[in-house]
Amino acid sequence: MPSAYTRLIHGGAGPDPSTGAILTPIHQVTTYVQEAVGVHKGFTYTRSGNPTVRSLEEVLAAAEGTTERAVAFSTGMAATTALFLSELAAGDHVVCGAVVYGGTVRLLRQLLQKFGVRAAFVDATDPTKVEAAIETRTKIVFIETPANPTLVLTDIAAVAKIKNRTRLVVDNTFLTPALQRPLELGADAVLYSTTKFLEGHNTTVGGAILSNDAPFLERLRFVQNAVGFAQSPFEAWLTVRGLKTLPLRMKRHSDNALRVAEHLERHPRVRAVHYPGLASFPQAELARRQQQSGGGVLSFEVEGGVEAGIAVLNSVKLCALAENLGAVETLITHPASMTHADVPREDRLRGGISDGLIRLSVGLEDAEDVIADLDRALEVSC
Ligand SMILES: *Cc1c(COP(=O)(O)O)cnc(C)c1O
């Protein structure tokens, strides 16, 4: 079988049979003409299926190495919502890592609770805590590694080995199949916001779930059609195009992030750097075991609290002040005043999000230019 790299470039539907176009065209269409009642080519209405979206689902499967095609969604949150709607009923229970994407917490706490779904948020970096939280009604164990924005890791294989753990779903948005393969480590399903590294160019929002469990995916497709969470053809097409360069981009994101992390570690105004690729990272051994490299996201703590953090963000020029990650441009955020501003300070600190913590999604620029921009910002914001 060709390597994942080759499959990403040649995967999917291949040249268009009617014209030879080398890429699957954008089938920007709502409906499909049927030859006779019930006689059609597999597509009837774009909410329930579209050839461009299908090509994305095939390419994602090739990247992840699954036997079944992915289910693509309109956003990462639509994917997460479909997962919970599909697998949970009133009274059921989710064991969720304490540090997961904020939207995942909001969905469980502020929406699904209304429908009787219960969730326990546990420190998944300690698999015994996951095991202790499992109840008879637990239907899903949901983890994200590395966690945002502290980059702490969860040992996927260790969580997968927990007895009676039920379905283990890993949000692999930060590393993508190019750098981490949760299914090979024992997870049952992988979830993505394709908005981030998979599409990689800050041009779309999207989500996907992958698994080798065909009935599970069939249930997700049912929810997707019932609720109306389908990805649209143009976003699917842009994501297929982005995926062709995924391994190259992930390597460069990781190489750049490591250079920036090593530089910041030596900077006198930086108290700490959190990056799984650093030799000094507390879980460096686990990082080496479960990830190919450190990935494109790091965080660091500047001296001087919230004001110092805000001052650094207001002083950068090349790094874009924006709440996204995983794109070609380097993006910088200050969780205490931006993404986690609504979280009480005590809770924030307990979660490792200090006042001066800054998150950086290192892009594909020359790492030296990113370093120069950060050095200047750290200098003028003193
Ligand atoms: C962004 C993100 C999501 C949500 O995805 P959207 O495409 O923004 O809906 C879920 N998980 C992680 C880790 C993310 O970074």
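Structure notes:
- Every test in (1) aliphatic (A, V, I, L, M); (2) modelled with pLDDT of 95 or more; (3) closer than 16 Å to residue 99 by Cβ is passed by residue 374 save one, and that test is (3).
- The helices (runs of 4 or more DSSP H) falling completely within the stretch 1-94 that include 2 or more residues that are farther than 27 Å from residue 178 by Cα map to 76-87.
- For residue 6, the stated conditions hold: it is among the β-branched types (Val, Ile, Thr) and without any contact (Cβ under 8 Å) to a residue 24 or more places away in the chain.
- Complete set of residues in the stretch 87-102 that are within 16 Å of the ligand (Cβ to nearest atom) and surrounded by fewer than 22 Cβ atoms within 10 Å (Cβ to Cβ): 98, 100, 101, 102
- Options 82, 62; residue that is surrounded by 21 or more Cβ atoms within 10 Å (Cβ to Cβ) and in contact (Cβ under 8 Å) with a residue 60 or more places away in the chain: 82
- Residues in the stretch 208-226 that are more than 12 Å from the ligand (Cβ to nearest atom), among the hydrophobic types (A, V, I, L, M, F, W, C) and either touching a helix residue (DSSP H, G or I) at 6+ places or on another chain (Cβ under 6 Å) or open to solvent by less than 10 Å² (accessible area, probe 1.4 Å) (or both): 210, 216, 217, 220, 223.
- Only one entry in 215, 268, 282, 276 is outside any loop (DSSP other than H, G, I, E, B) and of a type outside the set (D, E, K, R), namely 215.
- If you go through the stretch 63-86 and keep only what is touching a strand residue (DSSP E or B) at 6+ places or on another chain (Cβ under 8 Å) and more than 9 Å from the ligand (Cβ to nearest atom), you end up with 64, 66, 68, 70, 71, 72, 82, 83, 84.
- Those strands (runs of 3 or more DSSP E) of the stretch 295-382 in which at least 1 residues are open to solvent by 20 Å² or more (accessible area, probe 1.4 Å), considering only elements entirely within it, cover 297-302.
The values are calculated or read from the model by the stated rules, or taken from the named source; none is laboratory data. None of the values given here were measured: they were computed from a predicted structure. All Cβ positions, even for glycine, are placed from backbone atoms using ideal geometry, and neighbour counts span all protein chains on display. Accessible surface areas use protein heavy atoms only, side chains included; no ligands, DNA or RNA. Shrake-Rupley method; radii C 1.70, N 1.55, O 1.52, S 1.80 Å.
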